[in-house]
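To start, the structure under review is shown below, and the notes come after it.
The values are calculated or read from the model by the stated rules, or taken from the named source; none is laboratory data. Remember, predicted model here, so these are calculated numbers, not experimental data. Using ideal geometry, Cβ is built from the backbone for each residue, glycine included, and neighbour counts are taken over all protein chains shown.
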Amino acid sequence: MTGTRTTRPRLRSLAALALLPLLALTACGSGGAPVEPAGAGVSPVPADDPVAGVRTVEAVAALLPAEVRRAGSLRVGSSVGAPPSAYYPNGQDKPPAGQDIELADAVAKVLGLRLERQDASFETILPALGSGKYDIGTGNFGVTTERLKTIDFVTYVNDGQGFAVKTGNTRLTGQVSDLTQLCGLTIGTGAGTTFEKTLTAQRGVCAAAGRKPYEVKVFAETGAVTTALQQGRIDVVMSTINGLRHQAAQPAAGTTFLGEYHRLDVGFALKKGSPLAPALQGAVNELIENGTYARILKKWGTTASAIDSSRINPPEHA
């Protein structure tokens, strides 16, 4: 039987935690098909436990490096933000819950390992992999050409970038398919994310179209983005599809999802050249084959994000 130990630095204020239900910045994206009800409000956690029956599969565990099998554990840097991906249902006095939490736990059980999970801010995890602080990083890390230069990925869902506004917003309506639709607006997003990179790289599209540029405001915490949106200090949020869809489905949230913009594979992040990649890939594929994977995604309302098989370092989607 494997276990999970979680270390929680005091990185978040109580005020930010209270705002987590209102905006999900870390969840994984889904496709264009209708999304089933998420069923994963901030409290309570859905009752189903698809991970409980997972057992060690020796043929897959044999793919692990010998020293990891002897140690019996993996150090995981985990970005815990908001449902349905990874969040604290009742504050930090209870273990984290969500799709990414359960997938990582299930992978560890297939491999016969325990996870030593430590909370970390999103933007610090990938550099910490290179330094050896963590063996694995989780936080809905999208596979991009730039990241593949220094990080290895083992995919587990297919995600995407999307937009949301405060319900009733009249400056932006309909699906956002071109960044020129955002000209003259203020966009909020998370620090160190693919969203920040996309917005920064494409900042010149408005000037090229003869329009007023959009402004980008970057926030380190989910609660700060939420507050800015609700107070009108930003006009629109760019984040992950499943997170924004989940958030918009909560009646009290007061936001409207504006659709997909760009899709990305999402995976467990590893130091470049890590020997763990084949074992993690084998474990994800075992979960897909035995049905645990589908049950986890169904529980968290992310079935449209499912992949047919895990890949190591796939190219970024065009």
- Is it the case that region 307-316 has a residue that's assigned to a strand (DSSP E or B), closer than 23 Å to ASP49 by Cα and not hydroxyl-bearing (Ser, Thr, Tyr)? no
- Is there any pair linking a residue in region 148-177 that is closer than 16 Å to ILE234 by Cα to one that is in a loop (DSSP other than H, G, I, E, B) and acidic (Asp, Glu), with Cβ under 6 Å and at least six apart or on different chains, and which? ARG171/ASP235
- Query: Does region 68-77 contain any residue that is in a strand (DSSP E or B), of a type in the set (Ser, Thr, Tyr), touching a residue at least 40 places away in the same chain (Cβ under 8 Å) and within 23 Å of GLY53 (Cβ to Cβ)?
  - Reply: yes
- Message: Name the single residue that is surrounded by the most Cβ atoms within 10 Å (Cβ to Cβ) among those in region 148-161 being in contact with an Asp or Glu (Cβ under 9 Å, 6 or more places away or on another chain) and modelled with pLDDT of 95 or more.
- Response: TYR156
- Query: What strands (runs of 3 or more DSSP E), lying completely within region 199-287, carry at least 2 residues that are among the basic types (Lys, Arg) and under 30 Å from VAL54 (Cβ atoms)?
  - Reply: 255-271
- Determine if region 162-185 includes at least one residue that is at pLDDT 95 or above, polar (S, T, N, Q), surrounded by fewer than 18 Cβ atoms within 10 Å (Cβ to Cβ) and assigned to a strand (DSSP E or B). no
- Would you call ILE125 in contact with a strand residue (DSSP E or B) (Cβ under 7 Å, 6 or more places away or on another chain), β-branched (Val, Ile, Thr), part of a strand (DSSP E or B) and surrounded by 15 or more Cβ atoms within 10 Å (Cβ to Cβ)? no
